[in-house]
Amino acid sequence: MIFQRALRRELLSTAGAVFTTLFTITITVMLIRILGQAAGGKVASGDVVSLLGFTALTVMPILLINTGFISVLLVVTRSFQDSEMVVWFTAGMSLTRWIRPVLAFGLPIVVATALLSFVVTPWAHKQSAEFRERYEKREDIAKVSPGKFQESASTDRVFFVEGVSGDSGHVKNIFVNTTQNGRASIVVAKEGTMEFNAAGDKFLVLSKGRRYDGTPTQADFQMMEFEKYGLLVSRQAQAVVGDKSARTLPLSQLIAAPTGANLGELLWRIALPLMAVLLLLIAIPLGFVNPRGGRSSNVLIALLMYVFYSNMISVFQAGVVQGRMSLALGWWPMHVLALATIAMLFSWRLNTNSRHHPLALWAIVKRMIFAPKAAA
């Protein structure tokens, strides 16, 4: 009992440090990317914090899985490195006694991963897509920042406004450069307002301005003054429908519509909590190191195993999406392989004195190869 409490405290403190590190790195990278999108006019600057939160929720299952895996690996490795496991084995205790406290530590991680995978992550993907679509469907003038030239969504118009009111319905000192069929048209005005016509199309009605058509050095150059001039901004607005891809659908809709994409998404959501459990267990035997040697070899092996495990699940997911295999065939092979690997590693660590142990078999092979040469 004392051992389990001490181990749980160490696992929790290590997990806190690991999660903080991973979360900080991930959030920093995401923030830089989203700020770059906001600077490029792809998302609204006011939505940066919301989009950052939604994106963080989408990657949280992977962060939790890695946190549990790395924490157990580091704690077991430290126990071997500090020769605590020697005392543990000398007292007649088995490595399997670590399974229960490790699973008790990992249970909240597994539950949180399942909740995020099946409920929270689809909602976050949907909200993020709706925020982006809502911004894309905003009028070109509404996207313009005061004092900054900005290109329209159709790439044939450049806007500049000196000031925008709070409701974005009134703008002051407007410059609009439109290019159609190779002919440039420039409109400048002191102010403008947004208005709708009977069909629902939106116009920017400019007041007290001028329009210049063509090139001043050409004969067809025209200049006119106006009291009011209507500039079409957007056709009838469409409702925001959001992202309808499989990653945004709730579990009930994935099951109700068993298309390839939906079944592939279902496979991925099932795989995440299973990965969380199996990686916690596989980290126990993988934590073995020689106290007289370094600790880098087992960490490298653990990293390669995690990458292989995750990538192979993605391969099976792609197979289900493309219809090359069914969900019933695709969701379990990698998890069964992970279970077999766990059993093999535990057997390897527990039966070090057995003549069937891989090291013992390798010693026999070496004697068979090198003994005849020594006799000669």
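The values are calculated or read from the model by the stated rules, or taken from the named source; none is laboratory data. Here the structure is a predicted model, which means the values were calculated and not measured. So basically every Cβ, Gly included, is an ideal-geometry build from the backbone, and we count neighbours across all protein chains shown.
Which one of these is surrounded by fewer than 13 Cβ atoms within 10 Å (Cβ to Cβ), within 27 Å of S94 (Cβ to Cβ) and either modelled with pLDDT of 90 or more or touching a Cys at 6+ places or on another chain (Cβ under 7 Å) (or both): A328, A340, A276?
Step by step, each of A328, A340, A276 is checked, and only A340 is surrounded by fewer than 13 Cβ atoms within 10 Å (Cβ to Cβ), within 27 Å of S94 (Cβ to Cβ) and either modelled with pLDDT of 90 or more or touching a Cys at 6+ places or on another chain (Cβ under 7 Å) (or both).
Which one of F89, F80, F69 is at negative phi and touching a Leu at 6+ places or on another chain (Cβ under 6 Å)? Steps first, answer last, please.
Details: F89 fails: touching a Leu at 6+ places or on another chain (Cβ under 6 Å); F80 fails: touching a Leu at 6+ places or on another chain (Cβ under 6 Å).
Just one listed residue meets the conditions, F69.
Sort out for me the helices (runs of 4 or more DSSP H) sitting completely within segment 40-138 that have 3 or more residues that are more than 30 Å from Q4 (Cβ to Cβ).
Filter on segment 40-138 gives 48-81, 121-136.
Only one of (1) farther than 30 Å from L74 by Cβ; (2) surrounded by 12 or more Cβ atoms within 10 Å (Cβ to Cβ); (3) at pLDDT 90 or above fails for S245. Which number is that?
The single condition S245 does not satisfy is (3).
With respect to the numbered conditions (1) exposed (fewer than 15 other Cβ atoms within 10 Å of the Cβ); (2) within 18 Å of V277 (Cβ to Cβ); (3) touching a residue at least 40 places away in the same chain (Cβ under 8 Å), which one is the sole condition not fulfilled by L115?
(3)
Please find, among A237, A257, A271, A302, the residue that is within 20 Å of P61 (Cβ to Cβ) and at pLDDT below 95. Give the derivation first.
On the way: A237 fails: within 20 Å of P61 (Cβ to Cβ); A257 fails: within 20 Å of P61 (Cβ to Cβ); A271 fails: at pLDDT below 95.
It is A302.
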